[in-house]
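Undergrad: Input: one structure, supplied below.
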Amino acid sequence: MAAKLKKGDKVVVLAGKDKGKQGEIQTVDPKAGKAVVEGLNIAIRHMKQSQSNQGGRQSKAMPIDLSNLAIVDANGKATRVGFRVEDGKKVRFAKTTGDVI
């Protein structure tokens, strides 16, 4: 299946504790169907001290299911993603506005 959401896309959370918040995708795991969004779904992790790490309680962004994310269109609203062929290339477009993403 084609990737509807990619690294660097601005998305809004549709469900969960961060519902309505927006952020940028840092990583996508298509096999697991999850993505890490910058500053969202934060959990506290207890880290052991090392040479490169001070240790203690540290915040970490945890993965969110792709079904709970929607891309943000030019108007700042959540939209679904469609595909079409333009000039022989397959492109993603926002269903609400029709703009190419």
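Undergrad: Against the definition (touching a strand residue (DSSP E or B) at 6+ places or on another chain (Cβ under 6 Å), of a type in the set (Val, Ile, Thr) and at pLDDT 95 or above), how does residue 44 come out, yes or no?
TA: yes
Undergrad: Scanning region 18-76 for residues that are open to solvent by less than 90 Å² (accessible area, probe 1.4 Å) and among the hydroxyl-bearing types (Ser, Thr, Tyr), which turns out farthest from residue 3 (Cα to Cα)?
TA: 50
Undergrad: Output the residues belonging to region 80-101 that are loosely packed, with under 11 Cβ neighbours inside 10 Å and hydrophobic (A, V, I, L, M, F, W, C).
TA: Selection gives 83, 85, 100.
The values are calculated or read from the model by the stated rules, or taken from the named source; none is laboratory data. Everything numeric in this text was worked out from a predicted model, so none of it was measured. Note: ideal-geometry Cβ built from the backbone for every residue, glycine included; neighbour counts use all protein chains shown. Surface areas here come from the heavy atoms of the whole protein model, side chains and all, with no ligands, DNA or RNA. Shrake-Rupley method; radii C 1.70, N 1.55, O 1.52, S 1.80 Å.
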